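Notes follow once the structure below has been shown.
The values are calculated or read from the model by the stated rules, or taken from the named source; none is laboratory data. For clarity, every value in this text was computed on a predicted model and none was experimentally measured. Heads up, the Cβs are rebuilt from the backbone with ideal geometry, glycines too, and the neighbour counts pull from every protein chain shown.
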Amino acid sequence: MIRIGEKTVQRLLMAAAFSAIGGLLLIALFIFKEGLSFFIETGFRRFLFADVWDPQSGLYGIFPMLVASLWVTLGAMLLGAPLGISVAVFLVEFVPRSVMRVVKPTIELLAGIPSVVYGFIGVMVLAPFIRSTFGGPGLSLLAASFILGVMILPTIISISVDAITAVPASYREGSFALGATRWQTVRMVVLKAARSGIIASVILGMGRAVGETMAVIMVAGNAVKIPHSALDSVRTLTANIALEMGYATGRHREALFATGIVLFVVIMILNTAAGVMVRKRVSGKKG
């Protein structure tokens, strides 16, 4: 039997950790290498705030898609964040532990469903419902927001449940001893104590919504225009990259990589903010 020393195991684990970091750095380096020159030549302001995207005419303005991405993400958060936090509170505070141990893994399984399945349901069920009830083409900002709101639920629920579960039982017992009801304890004590973890779950859910591609391509309608209504068809930044990268060449390809830089920076900011929130929660417990 081969015995592996502690130092060897430590080096192997360190190599695995640095390989993950190295992979991320290589991806970032490749994206910036391909797209940064376009930023420099075109100008940051002109690229972000021009409202015409027409590669055949040499016009590369991502403002309509940037606005669409922000509105779709905001719509998803308006649905997913309150619902996800409410479900997490209900599972931790108002149902037996045996029920939570069954329901929570079931909800987490939703994260493993391919996004194309969500998109297919959106095309076959949600879009016709929106078209017949509210009007418009059906494939719209509203449909994309609803689908993304459902898709981010597992992330928000799972992390929020962990944050609420981590609140010490003594906090609840002290509140009950002072005469507070169950709901008053949850609202004034538990949610405040778990606030940083819940905010982190919302930020990570937002990052998932910003970066989603396939489901959005299927249900958003993919019209490159600034939306004036929730029923308008839109195209997000991720959808634009996925739709056009297959045939893009030259400056068109560089423009898509520049769009990737914008998305990369946004998601890194969101993930960093979530990490800060989690560290704040951990340091708060130690204090």
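Descriptive notes on the structure:
- Residue match in segment 81-95 (condition: outside any helix (DSSP H, G or I), of a type outside the set (Lys, Arg), within 25 Å of residue 202 (Cα to Cα) and over 15 Å from the mean Cα position of the chain (by Cα)): yes
- The sole residue among 148, 141 that is surrounded by 23 or more Cβ atoms within 10 Å (Cβ to Cβ) and in contact with a strand residue (DSSP E or B) (Cβ under 6 Å, 6 or more places away or on another chain) is 141.
- Any hit, segment 146-157, residues being over 19 Å from residue 201 (Cβ atoms), without any contact (Cβ under 8 Å) to a residue 12 or more places away in the chain and among the hydrophobic types (A, V, I, L, M, F, W, C): no
- With respect to the conditions (1) surrounded by 10 or more Cβ atoms within 10 Å (Cβ to Cβ); (2) closer than 21 Å to residue 256 by Cβ, residue 8 lacks only one, and its number is (2).
- When 123, 161, 117, 150 are checked against the criterion of being at pLDDT 90 or above, in a helix (DSSP H, G or I), among the hydrophobic types (A, V, I, L, M, F, W, C) and over 28 Å from residue 71 (Cβ atoms), 161 stands alone in meeting it.
- Close Cβ contacts (under 7 Å, 6 or more residues apart or on different chains) running from residues in segment 95-108 that are of a type in the set (Asp, Glu) to residues that are surrounded by 11 or more Cβ atoms within 10 Å (Cβ to Cβ) comprise 108/154; 108/158.
- Given (1) surrounded by 12 or more Cβ atoms within 10 Å (Cβ to Cβ); (2) touching a helix residue (DSSP H, G or I) at 6+ places or on another chain (Cβ under 9 Å), index of the condition residue 67 fails: (2)
- Per the listing 272, 185, the residue uniquely at pLDDT 90 or above and among the hydroxyl-bearing types (Ser, Thr, Tyr) is 185.
- In segment 96-128, of all residues being within 16 Å of residue 214 (Cβ to Cβ) and of a type in the set (Gly, Ala, Ser), the one that is farthest from the chain's Cα centre (by Cα) corresponds to 127.
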